[in-house]
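Report on the structure given below.
Coordinate-derived values only; no laboratory data. Because the structure is predicted, anything quoted here is derived from the model rather than measured. Because the Cβ atoms are built from the backbone with ideal geometry, glycine has one as well, and the counts that use them run over all protein chains shown.
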Amino acid sequence: MTLDLTPNLDPFALARALSGKHFYDGAFQAGRSGKTFPVNNPATGAEIGTAPFGDEADVNAAVAAAKAAQKGWAKLPARQRGKLVAECGRVLVNHVEELGRLIALETGKALRTESRVEAGVLADMFTFFGGLGSELKGETVPFHPDMMTMTVREPVGVVAAIIPWNVPLLLMAMKAAAALVAGNSVVVKSAEESPLTVLRVTQIMNSVLPAGVFNILSGFGPECGAPLVAHPDVKKVSFTGSVETGRIVYKAAAEKLIPVTLELGGKSPMIVCADADTDKALAGAIAGMRFTRQGQSCTAASRIFVHEDIHDAFVAALKAKVDAMVMGDPLDEKTDIGTIISGGQFDRVQSYIALGRETAGATELACSSMPTDPKLAKGLFVQPRIFTGVTNNDRIAREEIFGPVCCVIKWKDFDSVIEQANDSEYGLAATIWTRDLKTAMDATRRLEAGFVQVNQNLVVQPNLSYGGVKTSGLGREASLESMLEHFTHKKTIIINMA
Ligand code: NAI
Ligand code: MG
């Protein structure tokens, strides 16, 4: 099959056609070393394609292309740049079904509940940021009557965007759309588990953008991500992934004294009060814990604190809801819950389930049921687990699992539950469920998190700043303010007219 821009709804054919390629300088490119690695379908274990094993030579070529293109891109009138970014969104809308199917195949996330939805929000991110071109404003400052004093916003140059596998389209778009509209060029390093759909997105975007402005490399962290961060012409790094790798990236960027945005993990609390609307809170727990994404979310509401008066009924109802969810082939419209991304993550999740079983006082509730289709026998399916009888001090309630495993913790005293919610190395998201306004306001002030919600559990929105405190990260993404703060430099100019 040729790789034209006609939407292709056969993800298997598309995965094969996209195999073995980076995309930079306006074209698909083979890896310089010729080395590739397999991309697998986690629902069957079968190889669906390959990706180039990017290394320093590929990084050098992609960054050179990005550097050459950036100056011309930055010189475009800001609204014109914005129009092109918004046009990427418009074109991507035509590919929602195609991209949804491919990301479902590549990551094991169910098409109906997750993958198609993610492909839709991808386009929305470009549409939103595309409108912000003329918002790259500076200020005039009343410094001296004889001196015209002002600030202007300038792009930082070539931006490196390092993304993970859990929501690669959304996370790539959040970085790319903001960086591009601000006048930067971008080199993305895709996650080794999911290099194909983001490659297709890059091809589609390059039908709109000038060559070299938006580029992508596939490869592993140490061999491809590290040289990208270290490259002297990369002037900013935006990273989403683990705390461990975030620290490595931060140190490498410190050597070059360049700014970094880090979006790392979480162990987000959800506090359910006795007076809560329990139907809403139950739906919120299902959405918040991302059961449809196998819990593979940085904001997963993985610590659910439920007031003792309603605890037992809440747990029973939560289990019943998860039991009703269908695990199966990610591409099947009936499926609610697909697979874990990779063998490594599968083993990690299993080890936490084993740890939960060994936790004193804990009770394990296995929910839903394993698929019976023999084609899926080698699939990385894990039955969602709810652990009750856990305390906030147990390892299972402290460490990020990044799988379909949540802890329900009983509480009685409000001050103590706030304290427990905050007793975590993380601080990404938090929710509180109550009908009492004073309790809600009190909690929003006291909860240590970058994103606090009352009686709802919305995901990332393009126009709201998003990011964490403590080890959950550094800096904010999405929103006009984040774009200005993280993808531009402020220059002060004084014109002495005396
Ligand atoms: P990771 O943080 O190692 O990988 C994320 C990205 O960083 C990938 O593109 C990877 O290739 C790249 N990378 C790895 N080492 C690098 C280096 N030295 N320099 C530059 N880039 C590098 O995460 P991984 O191994 O996929 O997952 C491990 C755990 O991380 C998960 O179990 C989960 O707890 C957490 N995680 C959190 C995410 C979030 O959204 N905050 C997303 C993915 C994972
Ligand atoms: Mg890793």
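Which pairs in the list LYS21/LYS109; LYS21/LYS470; LYS21/LYS334; LYS35/LYS83 are over 26 Å apart, alpha-carbon to alpha-carbon?
On the way: LYS21/LYS109 23 Å; LYS21/LYS470 38 Å; LYS21/LYS334 33 Å; LYS35/LYS83 38 Å.
Result: LYS21/LYS470; LYS21/LYS334; LYS35/LYS83 exceed 26 Å.
In deg cm²/dmol and to the nearest 500, what is the mean residue ellipticity at 222 nm of the chain if only DSSP H runs of at least 4 residues count, each as -39500 (n - 2.57), divided by the residue total? Intermediate values should be presented prior to the final figure.
On the way: 16 runs with 184 residues, N = 498.
The helix-only estimate for the chain comes to -11500 deg cm²/dmol at 222 nm.
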Modelled FRET efficiency - R0 56 Å, ALA68 with LYS378, Cβ distances, 0.05 increments: 0.80
Cross-link partners of LYS375 among aspartates and glutamates (Cα-Cα below 20 Å; sequence separation of 8 or more within a chain): ASP10, GLU47, GLU106, ASP329, ASP332, GLU333, ASP336
Computed Kirkwood radius, in angstrom, where 1/r is averaged over Cα pairs of the stretch 24-153: 18.5
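Which order do the peptides 98-108, 220-230 take when ranked by the mean count of other beta-carbon atoms within 10 Å per residue, highest first?
Working: 98-108: 28.2, 220-230: 20.3.
Descending mean neighbour count gives 98-108, 220-230.
Report the full-extension gain for the segment ASP10 to ASN94: residue separation times 0.36 nm, less the Cα-Cα distance, to one decimal in nm. Don't jump to the answer; show the numbers that get you there.
Details: separation 84, 0.36 × 84 = 30.24 nm, distance 1.51 nm.
Full extension from ASP10 to ASN94 adds 28.7 nm.
Please give the net charge around GLY284, taking every other residue with its beta carbon less than 12 angstrom from that of GLY284, where Lys and Arg add +1 and Asp and Glu add -1.
+1
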Rg(Cα)/(2.2 N^0.38 Å) for the chain, N = residue count: 0.99
Separation between Cα centres of the stretch 208-241 and the stretch 283-305, rounded to whole Å: 30
Ascending count of other beta-carbon atoms within 10 Å, so fewest first, for PHE129, PHE346: PHE346, PHE129
Estimated distance in nm for a label pair at SER369 and ASN393, the labels positioned 7 Å out from Cα along Cα-to-Cβ: 4.0
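Strictly over 19 Å apart at the Cα level, which of LYS137/LYS490; LYS175/LYS267; LYS267/LYS412; LYS75/LYS256; LYS280/LYS321 would you flag in this model? Numbers along the way, then the final one.
Values: LYS137/LYS490 10 Å; LYS175/LYS267 23 Å; LYS267/LYS412 21 Å; LYS75/LYS256 26 Å; LYS280/LYS321 13 Å.
Over 19 Å Cα-Cα: LYS175/LYS267; LYS267/LYS412; LYS75/LYS256.
With a length cut of 27 Å (Cα positions projected on each helix's long axis) and a Kyte-Doolittle mean of at least -1.0, go through the chain and give me the DSSP H helices that pass.
On the way: long enough: 56-75 (29 Å, -0.12).
Both cut-offs are met by 56-75.
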Check: the stretch 269-462 dipole with +1 on Lys, Arg Cβ and -1 on Asp, Glu Cβ, in debye: 340
Cut-off 14 Å between beta-carbons: net charge of the residues surrounding LYS137, Lys and Arg +1, Asp and Glu -1: -1
Ascending count of other beta-carbon atoms within 10 Å, so fewest first, for ARG153, ARG435: ARG435, ARG153
Proximal charge balance of GLY450 [Cβ under 15 Å; K/R count +1, D/E count -1]: -1
Qualifying aspartates and glutamates (Cα of each under 18 Å from Cα of LYS71; at least 8 residues distant if same chain): ASP25, GLU154, ASP233
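Return the Rg/Rh ratio of the stretch 183-338 with Cα-based radii and a Kirkwood Rh. List each step's numbers first, then the result.
Numbers: Rg = 20.8 Å, Rh = 18.9 Å.
Result: Rg/Rh = 1.10.
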Amide H partners (placed H, <5 Å) of THR50, local residues excluded: SER19, GLY20, VAL39
For the stretch 365-498, projected area of the alpha-carbon convex hull averaged over all directions, nm²: 14.6
Sequence-separation-based contact order of the stretch 123-250, relative, with Cα cut under 8 Å and 6+ spacing, percent: 27
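How big is D for the stretch 41-96, in µm² s⁻¹ as a whole number, if Stokes-Einstein is applied with the Kirkwood radius of its Cα pairs at 25 °C and 0.890 mPa s?
Details: Rh = 15.0 Å.
In µm²/s, the coefficient is 164.
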Largest to smallest principal axis extent of the C-alpha atoms in the stretch 269-462, angstrom: 53, 36, 32
10 Å binning of all Cα-Cα separations within the stretch 77-189, expressed as whole percents from 0 upward: 15, 35, 27, 13, 6, 3, 1
Residue (of VAL96, MET289, LEU132) at the positive-pole extreme of the chain, dipole from beta-carbon charges: LEU132
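As a footprinting exposure proxy, order CYS298, CYS367 by other Cβ within 10 Å, with the fewest listed first.
On the way: CYS298 27, CYS367 20.
Ranked by crowding around the Cβ, least crowded first: CYS367, CYS298.
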At R0 = 30 Å, FRET efficiency that the Cβ-Cβ distance of TYR250 and SER207 yields, to 0.05: 0.30
Dipole moment magnitude, nearest 20 debye, the chain about Cα centre, only Lys, Arg, Asp, Glu C-beta charged: 1080
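Taking Cα pairs under 8 Å and at least six residues apart, what relative contact order does the chain come out at, in percent?
Numbers: 1187 pairs, mean separation 90.0, N = 498.
Computed value for the chain: 18 percent relative contact order.
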Antiparallel bridges, percent of DSSP beta bridges restricted to the chain (to nearest 5): 45
